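Everything on this sheet refers to the single structure shown next.
The values are calculated or read from the model by the stated rules, or taken from the named source; none is laboratory data. Note that this is a predicted model, so its numbers are computed, not measured. Heads up, the Cβs are rebuilt from the backbone with ideal geometry, glycines too, and the neighbour counts pull from every protein chain shown. Areas reflect the complete protein model, heavy atoms only, side chains present, ligands, DNA and RNA absent. Shrake-Rupley method; radii C 1.70, N 1.55, O 1.52, S 1.80 Å.
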Amino acid sequence: MPLQFATRLDNVETSAIRELFKLLGKPGIISFAGGFPDPALFDVEGIRQSTDAVLGSSTAGAVLQYGATEGWQPLRERLSAFMGAKGATVAPDGLIVTTGSQQALDLIGKTLINPGDKVIVEGPTFLATIQCFRLYGAEVIAAPIDAHGVKADELEKLVAEHKPKFVYLIPTFGNPSGATLSLARRKQVLEMAVRTQTVVIEDDPYGDLYFGEAPPPSLLALSAQVPGSRDWLVHCGSLSKVLSPGLRVGWMIAPPELLAKSVREQFIPAQLKR
């Protein structure tokens, strides 16, 4: 008898990203087709020294122990400071640590999407995100973009027409377009979120990867200039592109209610952990 799989898997196609990464792991392959950092740039010695320092301390055992679902408190404090240095004020208890930003996106799908809900994304956008949202039964609608990111006027028309559960954007160095949302459009998006009471997901794994002029501030940093917008904004960050993807360190900043629901979705009673 064939295995009876969950019907939600009917909406999931083979991942092009997964197949691509199989090739990228082979020696001699240099590809510009995926967000695959050059291993030669990893700070191996710095990470080794940090690891030795932690495991050589008197509290080494605590590092290897189960921890809070929200994430290790000292790490949350460091991430809070990291975001503050980029103009986005957030308290340590205003974020949770995730297994890469992809887990944050999965938690968003798990906590917000009901089958049949509509979600607006940039067209094109990150393929793995589309897969994630469709897994939970979302109908994904593409908003047009140009060299300056999503067309904010067109986005608002789509929001008015479809009344989506949320809007998902990669405002800075979009994947795969490479487009960066202009400062004016960022403010438009935040104003639209308040006006239409629509949740906006800001995915920002690439915001620190620039060589010349800095990109505009994140939506999270700009939210202080648009009253009420912070209540409708979720920010997902990651160290995968600036430190190491193998460490799988990401975080999610969101309204308290969404953070609480996300923590509950991650929670497994201690006696059941393996």
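Here is how the numbers come out for the structure above:
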quantity	calculated
Every residue from region 62-80 that is assigned to a loop (DSSP other than H, G, I, E, B) and either open to solvent by less than 50 Å² (accessible area, probe 1.4 Å) or small (Gly, Ala, Ser) (or both)	GLY67, ALA68, THR69, GLY71
Identity of the residue in region 132-153, assigned to a strand (DSSP E or B) and not small (Gly, Ala, Ser), that ends up most open to solvent (accessible area, probe 1.4 Å)	GLU139
Tally of residues being closer than 19 Å to LEU233 by Cα and not in a helix (DSSP H, G or I) across region 94-125	12
Residue ranges of helices (runs of 4 or more DSSP H) in region 167-274 with at least 1 members within 22 Å of GLY84 (Cα to Cα) and open to solvent by 20 Å² or more (accessible area, probe 1.4 Å)	183-196, 256-266
The listed residue being hydroxyl-bearing (Ser, Thr, Tyr), open to solvent by less than 20 Å² (accessible area, probe 1.4 Å), under 18 Å from the mean Cα position of the chain (by Cα) and under 23 Å from LYS187 (Cβ atoms), out of THR98, THR129, THR125	THR125
Answer from LEU135, LEU127, LEU107 - the residue that is among the hydrophobic types (A, V, I, L, M, F, W, C), touching a residue at least 12 places away in the same chain (Cβ under 8 Å) and within 15 Å of LEU259 (Cα to Cα)	LEU107
Selected residue [out of contact with any strand residue (DSSP E or B) (no Cβ under 7 Å at 6 or more places or on another chain), modelled with pLDDT of 95 or more and not in a helix (DSSP H, G or I)] from GLY87, GLY35	GLY87
Region 134-145 - residue that is at pLDDT 95 or above and touching a Leu at 6+ places or on another chain (Cβ under 8 Å) and, of those, farthest from ASN175 (Cα to Cα)	ILE141
Positions within region 126-155 being more than 22 Å from GLY237 (Cβ to Cβ) and touching a strand residue (DSSP E or B) at 6+ places or on another chain (Cβ under 7 Å), in sequence order	ARG134, ALA138, GLU139, VAL140, ILE141, ALA142, ALA143, PRO144, LYS151, GLU154, LEU155
Flag if LEU158 is touching a strand residue (DSSP E or B) at 6+ places or on another chain (Cβ under 9 Å), among the hydrophobic types (A, V, I, L, M, F, W, C) and crowded, with 22+ Cβ neighbours inside 10 Å	no
THR111 open to solvent by less than 30 Å² (accessible area, probe 1.4 Å) and hydroxyl-bearing (Ser, Thr, Tyr)	no
Lone qualifier among VAL249, VAL234, VAL242 - being modelled with pLDDT under 95, closer than 19 Å to VAL97 by Cβ and not basic (Lys, Arg)	VAL242
